Protein chains: 2
Amino acid sequence: MIKIALIGYGNLGKACERIAESSGGFEVVGIFTRRNPTELKSPFGTPVYRQDDIFDFKDQIDVACICTGSKSDITELAKKLAVHFNTIDSFDTHVRIPEYFAQMDEIARANEKLSFISIGWDPGLFSLMRALFSGILPNGSGYTFWGRGVSQGHSEALRHIEGVKLAKQYTVPKPEAIERARRGERGLTERDMHLRECYIVCEDGADKEKIRQEIVNMPAYFAPYDTTVNFISEEEFKREHGGMPHAGFVLRKGLVSDFGCNLEFSLKLESNPDFTAAVLLAYSKALVKMYEKGERGCKTVLDVPISELLSESEAEAVKKFV
Amino acid sequence: MIKIALIGYGNLGKACERIAESSGGFEVVGIFTRRNPTELKSPFGTPVYRQDDIFDFKDQIDVACICTGSKSDITELAKKLAVHFNTIDSFDTHVRIPEYFAQMDEIARANEKLSFISIGWDPGLFSLMRALFSGILPNGSGYTFWGRGVSQGHSEALRHIEGVKLAKQYTVPKPEAIERARRGERGLTERDMHLRECYIVCEDGADKEKIRQEIVNMPAYFAPYDTTVNFISEEEFKREHGGMPHAGFVLRKGLVSDFGCNLEFSLKLESNPDFTAAVLLAYSKALVKMYEKGERGCKTVLDVPISELLSESEAEAVKKFV
């Protein structure tokens, strides 16, 4: 039994708990929250503690699973936790990952711990595929497409606009861009590759044209893309846009001795947080095995042999999968 | 520079040489053949030796790359080579892999060597995906589809029929089976999943109906499938069926907390042997790194972290791929 602590109890933490409870092999030692613990109740009866109480659980936790929503929180929290615990997280601000990796590696090594960072699907499985495809086909061009699915960051940005009551943003890959990428065309831009579809429920009396302008001109989030804005009723919103589906794929077109090779990995998810939680827990098992073998420091998906994710013995795995 | 020996000089060995010569990082020490060495000439000027001469090159070879065509040869040869060399091969008789793995592991460990077996795309990358998908989504169902592409084994079987002059067999996945697999249906049969398309050039005066009957009733190869037989002219055969393209994909539909997840990996290759060679050489680099780190015994794709395939430093790889 792998003893895990869940730090944070939003969509991701709750999904981790559900999977850990249903899949066997895990004991959820506790939920550690920044909220008032008496206000949270686990459907599985998992005890709920204040976040800082986790430091009373040294030696009782195999992996601290960092599921907090706020991105800036993850790195600061993880650096404190990695002094005393093995940690795993799905930190996803790509541009900050190299610095975070170096910091965590230093802390975990100094304290004889093992930390896995940026474990999910992107970063995570998609990172693994980008590296694998590039390793096999160094002479080629690769792209990552996201969607059709809900971008939580972009939906959040919409909700900050005055007059917006509810909002969801779908990232949509453009079929013609996918075909160009498969042919090996280089230099596709962000606007070439993705559309952004917004579904908005306004506050009563809001100025829709003003909201539309504010959205399509928002730097970084929407201005560099073709963006559509759809105003809908609250009823339609709740009926059609309640879920958190996502999808995406990684592709690479390469040449080997002048022969074309296309590699693609795709996923399609009814629930983004539940799948991310499944990846986190699968890699938590690997973390414990690798820690027991003496691995220390910070690792990403690139460093973890797939055999470590499996519950099968080596001989069984060879027979079943190879 | 990684010093490789090529054992065998058919399609795969020649492709390995081309890639090694063009990609840099490899020195091809020699081609070792069962044929008369004076009858072979490398376009790159690689020296050609008799197969057994390789034992004069102990300590001069980092990896012996086994590229012989005959499947029964690979295992016997590899077991002799693993006593003195690190070896890599693409042995692909799935049912015999577990026994071969155990034998190679024992020999390589006893002799302080490292051997990678069954490295290619299936077994190989497809094995990796089957294991990864199953590790992330244990509650689900997975399938491997092959094609549309040339099956060398089935083409060979056709050429053994009396009256057949030239033959190619394409394995074709059925679109409706792919949809059923994506929906998570279990129990799809071989006949459900693939068609077999045969293109035949007959000897003059051959009995076509007799050939057709012999093909569609051939046990294991064609009887369990829907098989089409097309008789064509030698001219059309050479114009349309000269290449060795292949394709295929691995998919898994799983459930995480009642939410559906679909994972797919696909590849499409203009030249099957050239891509297999690219995979062999990428994993040869990993083999040398892992040997230098002290790894011994027999490994498959499941045991090799993707980071080992990369020429980037750890920090560069995290920045570029994660």
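The values are calculated or read from the model by the stated rules, or taken from the named source; none is laboratory data. Note that this is a predicted model, so its numbers are computed, not measured. Don't worry about glycine lacking a Cβ; one is built from the backbone with ideal geometry, like all the others, and counts go over all protein chains shown. Side chains included, ligands, DNA and RNA excluded: accessible areas come from the protein's heavy atoms. Shrake-Rupley method; radii C 1.70, N 1.55, O 1.52, S 1.80 Å.
Tabulated values for the structure
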{"quantity": "Lone qualifier among A:Asp105, A:Asp92 - being touching a Gly at 6+ places or on another chain (Cβ under 8 Å) and farther than 21 Å from A:Pro305 by Cβ", "calculated": "A:Asp92"}
{"quantity": "Residue that is farthest from B:Ser115 (Cα to Cα), among those in the stretch B:302-314 that are facing chain A (nearest Cβ under 7 Å) and touching a Gly at 6+ places or on another chain (Cβ under 8 Å)", "calculated": "B:Leu310"}
{"quantity": "Residues located in the stretch B:227-257, provided they are in a loop (DSSP other than H, G, I, E, B) and touching a Gly at 6+ places or on another chain (Cβ under 9 Å)", "calculated": "B:Pro245"}
{"quantity": "Number of the condition not met by A:Ser271 [criteria: (1) out of contact with any Cys (no Cβ under 9 Å at 6 or more places or on another chain); (2) facing chain B (nearest Cβ under 8 Å); (3) of a type outside the set (Asp, Glu)]", "calculated": "(1)"}
{"quantity": "Flag for A:Pro224 being part of a loop (DSSP other than H, G, I, E, B), open to solvent by less than 60 Å² (accessible area, probe 1.4 Å), more than 14 Å from every other protein chain (Cβ to nearest Cβ) and over 30 Å from B:Ala20 (Cα atoms)", "calculated": "yes"}
{"quantity": "Residues (open to solvent by less than 10 Å² (accessible area, probe 1.4 Å), in a strand (DSSP E or B) and touching a residue at least 40 places away in the same chain (Cβ under 8 Å)) located in the stretch B:1-30", "calculated": "B:Ile4, B:Ala5, B:Leu6, B:Ile7"}
{"quantity": "Residues being open to solvent by 80 Å² or more (accessible area, probe 1.4 Å) and in contact (Cβ under 8 Å) with a residue 12 or more places away in the chain - total across the stretch A:53-67", "calculated": "2"}
{"quantity": "Some residue of the stretch A:65-81 being out of contact with any His (no Cβ under 7 Å at 6 or more places or on another chain) and within 16 Å of A:Glu295 (Cβ to Cβ)", "calculated": "no"}
{"quantity": "Which numbered condition A:Lys253 fails, given (1) more than 9 Å from chain B (Cβ to nearest Cβ); (2) open to solvent by 50 Å² or more (accessible area, probe 1.4 Å); (3) among the charged types (D, E, K, R)", "calculated": "(2)"}
{"quantity": "Residue check for B:Ala78: aliphatic (A, V, I, L, M), touching a helix residue (DSSP H, G or I) at 6+ places or on another chain (Cβ under 8 Å), farther than 22 Å from B:Pro305 by Cα and more than 14 Å from chain A (Cβ to nearest Cβ)", "calculated": "yes"}
{"quantity": "In the stretch B:278-300, residue farthest from B:Arg109 (Cα to Cα) [restricted to those that are part of a helix (DSSP H, G or I) and within 7 Å of chain A (Cβ to nearest Cβ)]", "calculated": "B:Ala278"}
{"quantity": "Among residues of the stretch B:303-322, those that are within 22 Å of B:Ala110 (Cβ to Cβ) and in a helix (DSSP H, G or I), counted", "calculated": "1"}
{"quantity": "Candidates A:Thr38, A:Thr33, A:Thr46, A:Thr75 - the one that is farther than 18 Å from A:Trp121 by Cα, open to solvent by 60 Å² or more (accessible area, probe 1.4 Å) and of a type in the set (Val, Ile, Thr)", "calculated": "A:Thr38"}
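Per-residue answers, yes or no, for (1) under 22 Å from B:Phe265 (Cβ atoms); (2) basic (Lys, Arg); (3) open to solvent by less than 10 Å² (accessible area, probe 1.4 Å):
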| site | (1), (2), (3) |
| --- | --- |
| A:Arg239 | no, yes, no |
| A:Asn262 | yes, no, no |
| A:Leu269 | yes, no, yes |
| A:Asp274 | yes, no, yes |
| A:Lys285 | yes, yes, no |
| A:Thr300 | yes, no, yes |
| A:Ile306 | yes, no, yes |
